[in-house]
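Data first, discussion second: the structure below is written as structure tokens.
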Amino acid sequence: MTTNKEDNIISDEMANPSPAKSIGDPGITPLSPTHIQQNDTDQVPSGMAFVVVVAIDFGTTSSGYAYAFTKEPECIHTMRRWEGGDPGVSNQKTPTTILLTPDRKFHSFGYAARDFYHDLDPSESKHWLYLEKFKMKLHTTANLSINTDLQAANGKRVKALDIFAYALAFFKEQALKELSDQTGGEFDNNDVRWVITVPAIWKMPAKQFMREAAYKSGLVSRDNPEQLIIALEPEAASIYCRKLRLHQMVDLSNQTTQNGFSPTDNVGSTMTQANKEHVRRNRQSRTFLVENVIGELWSELEEGDRYVVVDCGGGTVDLTVHQIRLPEGHLKELYKASGGPYGSLGIDYEFEKLLCQIFGQDFIDQFKIKRPAAWVDLMIAFESRKRAAAPGRANPLNINLPFSFIDYYKKFRGHSVEHALRKSNVDFVKWSSQGMLRMSPDAMNSLFKPTIDHIIQHINELFEKPEVSDIKFLFLVGGFAESALLQQAVQNMLHGRSRIIIPHDVGLTILKGAVLFGLDPSIIKIRRSPLTYGVGVLNRFVEGKHPPEKLLVKDGTRWCTDVFDTFIAADQSVALGEMVKRSYTPAKPSQQVIVIHVYCAEKENVGFISESGVKKCGTLRLDVSGTESAAPRREIQTLMQFGDTEIRALAVDVSTGRTVKASIDFLGH
């Protein structure tokens, strides 16, 4: 479809423009909106040969990295064991915690940060900046920008970008050190393709924020953006799950969880001795052999089969629906990613609410600020008991209260913790003589309930969508998938509608899949756009079709303002490499930069940029300086790509054929 210059002019007004404003820049005209399908071969940036792919799983509660050399893609190495570690928690990953010195310099990350902070004297620790579980801020901040800040445990504010950059720099250093030791020489960062995982439900600003942090950390340079790929967590899990062998997973459909096993116990009854031995050996080694043959599970899948990946992490729960395309085993997304902030952190918040109920919100708030290290201790003690919760459990769970909690409470209230427990109306939490909080199993289970209910509701809603019928498998992945309570809830909800599969080492599934994705990013051929994207344009005014308040008369021509020109609609299928093409013309020959506001909405059909639910979400910048030509009217052809994990733009000056620097910014620098 081709439109004339007169019919469709870009106008860059705000949501409620005055006619005078609209005339401001009507000079950018889209000429021919078209979709073009490119071959996959255009995808691969030429001349980029990487020796190794390193994936960083930057999680809300724990993080880690894994890598594979491009010459041996079937060997995935997970990172070295970390020093430190907690009883009852496997330490293949390290906690996402970071410590800065009082003058805001990076000090340590992970267990090292936690242990050092813990050992500081309280008078000193209040000057140090300790941060944990900060990744969620990128999901929950409505107008995320480069200047968004975070709050450390002592109440001081720090720039989020600095914290994320410090964390990525830490992983870069660890990984390069390990690679140098492995190869026996200084390993060059230019030989690494980096992959960072993010939740699929993250919006573009959060993904771009991760990329900005990577530039700032020196992981990759702005001049070489292809060296970094953003991977979506459930997609990575999906890619890995296709490779599973039967001894690498638990099929919940064949079992009851009554005995309260966690998948890491490798349910004995269903495993042969040889398998057990294999799993035991695998535990010690950090190298996973990904069978090059397609896994046994996969051999049961036929062309067109559908499966769901439910990625339950610390912060978010992400649901993705994939369909298999044979013979290559490429994947096609069937429904836009959905989910929400229903990770295992929700259980920690419930525990905190319970403590407030017993000891008073005023005390808990005060204690967190005045004794931040002891608060961290208390949450670590809770974490290990949280992992012991199971549906059939009969005996109570004991949680150690740090001495300084008991001590500070007495000073604060003038009576003992024991007294508070007796007086509180919380009857399922008792005080044990060994100085512990004793919780009944029901009390612990009730802390899980709100979070698990959210997840179940979400899976339920997803399964009711017409696109999501006949699901063969449901893969439960992410750290929270280890919870027997969650497993049982999913089983009860599905009633055998799909087989529920949990990979062993379920917390590493995403990491391993992210490495596979980095080795072959074109494996996912079709995605669904999470939002509707477009720009505001001027159209010829049509009586009866256009609302009269949108009429603008300029030089005798009647225009309709604020028309939404849709680039792509929410939940629309987009193939990898597919481009949306528009042409724009600078308003004046001397114009150096064209800036076009990009709008987005959750709904599929948008008529005007002024409708409710439509918001300005980014800017498309075309740097046309240096491309001046004798042509009477310059046409800048812009290509936007929506089929990848990030949105990209390229542009060409049609009259000269020269590339125009194009960028699409969602952080509003």
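The values are calculated or read from the model by the stated rules, or taken from the named source; none is laboratory data. Treat the numbers as computed from the prediction; the structure is a model and nothing was measured. FYI the Cβ positions are ideal-geometry reconstructions off the backbone, even for glycines, and counts take in every protein chain you see. Note: accessible area is taken over every heavy atom of the protein model, side chains too, but ligands, DNA and RNA are not part of it. Shrake-Rupley method; radii C 1.70, N 1.55, O 1.52, S 1.80 Å.
Worth pointing out:
- Each of Pro450, Gln487, Met439 was placed along the dipole of the range 415-487 (beta-carbon charges, centred on the mean Cα), and the one lying farthest toward the positive end is Met439.
- Surface share of carbon and sulfur [accessible, 1.4 angstrom probe, percent] for the range 115-233: 46
- Taking amide H as placed 1.01 Å from N in the peptide plane, the amide H of Ile568 sits under 5 Å from that of Tyr533, each at least 5 places away or on another chain.
- If you sort the three axes of the alpha carbon gyration tensor as a ≥ b ≥ c, you get a/c of 1.5 or more for the range 521-669 and a/b no higher than b/c, which makes it oblate.
- Accessible surface of the range 504-563 [probe 1.4 Å, protein heavy atoms]: carbon and sulfur percent: 52
- R0 of 35 Å, Cβ-Cβ distance Gln457-Leu246: FRET efficiency to nearest 0.05: 0.65
- Taking trypsin sites (Lys or Arg not before Pro) across the range 495-550, the ones in a DSSP loop with at most 14 further Cβ atoms lying within 10 angstrom of their Cβ are Arg497, Lys545.
- One compactness figure for the range 527-578 is 1.53, namely its Cα radius of gyration divided by 2.2 N^0.38 Å.
- Three-way shape label, the range 396-538, alpha-carbon gyration tensor, a/c 1.5: prolate
- Added length on full extension, which subtracts the Cα-Cα distance from 0.36 nm per residue, Thr70 to Glu303: 81.0 nm
- Dipole in debye (nearest 20) - the range 294-419, about Cα centre, beta carbon charges: Lys, Arg +1; Asp, Glu -1: 840
- Length-normalised contact order of the range 108-195 in % [C-alpha pairs under 8 Å, at least 6 apart]: 18
- Point-to-point label distance, Asp149-Arg540, nm (Cα→Cβ direction, 7 Å offset): 5.5
- C-alpha center-to-center spacing [the range 147-191, the range 548-583] in angstrom: 42
- Calculation over all alpha carbon pairs of the range 351-455 in 10 angstrom steps from 0 returns a P(r) of 14, 49, 31, 6, 0 percent.
- DSSP-assigned coil residues among trypsin sites (Lys or Arg not before Pro) in the range 136-235, each with at most 11 further Cβ atoms within 10 Å: Arg222
- Shape of the range 410-493, Cα gyration tensor, a/c cut at 1.5: prolate
- Potential lengthening between Tyr349 and Asp115 on full extension [0.36 nm per residue; Cα-Cα distance subtracted]: 82.0 nm
- Per residue, the accessible area of the range 470-549 comes to 31 Å², computed with a 1.4 Å probe over protein heavy atoms only.
- Subset of Lys386/Lys411; Lys93/Lys368; Lys216/Lys603; Lys159/Lys615; Lys353/Lys411; Lys137/Lys336 violating a 24 Å alpha-carbon distance limit: Lys386/Lys411; Lys93/Lys368; Lys216/Lys603; Lys159/Lys615
- For the range 506-611: relative contact order, % (alpha-carbon pairs under 8 angstrom, 6 or more apart): 36
- As a calculated quantity, the FRET efficiency between Glu467 and Ser253 at R0 = 25 Å, using C-beta atoms, amounts to about 0.60.
- Taken about its Cα centre, the range 144-186 carries a charge dipole of roughly 320 debye when the Cβ of each Lys and Arg holds +1 and the Cβ of each Asp and Glu holds -1.
- Along the range 530-546 the Karplus relation, 6.51 cos²θ - 1.76 cosθ + 1.60 evaluated at θ = phi - 60°, assigns HN-Hα couplings of x, 9, 8, 10, x, 10, x, 10, 9, 10, 4, 6, 10, 4, x, 9, 9 Hz to successive residues, with x for each Gly and Pro.
- Coupling constants for the range 433-443 follow from the phi torsions by the Karplus curve (6.51 cos²θ - 1.76 cosθ + 1.60, θ = phi - 60°), and in residue order they are 4, 7, x, 10, 7, 10, 9, 5, x, 5, 5 Hz; glycine and proline get x.
- Under a 5 Å amide H cut-off, with hydrogens placed 1.01 Å from N, Thr97 pairs with Gly110 among residues at least 5 apart or on other chains.
- In this rough spin-label picture, where each label sits 7 Å from Cα along the Cβ direction, the Lys203-Arg222 distance is 2.4 nm.
- Carbon/sulfur fraction of accessible area - the range 312-369, other protein chains in place, 1.4 Å, %: 47
- Estimated vicinal HN-Hα couplings, Hz - the range 236-250 in sequence order (Karplus 6.51, -1.76, 1.60; Gly, Pro = x): 4, 4, 4, 5, 6, 4, 5, 9, 5, 9, 4, 7, 9, 7, 10
- Label point 7 Å beyond Cα of Ile369 along Cβ direction - residues of the range 112-154 with amide nitrogen under 20 Å: 122-132, 149-154
- Given R0 = 25 Å, the distance between the Cβ atoms of Ser123 and Arg157 translates into a calculated FRET efficiency of 0.70.
- Computed about its Cα centre, the charge dipole of the range 506-610 is approximately 200 debye, with only Lys, Arg, Asp and Glu carrying charge at their Cβ.
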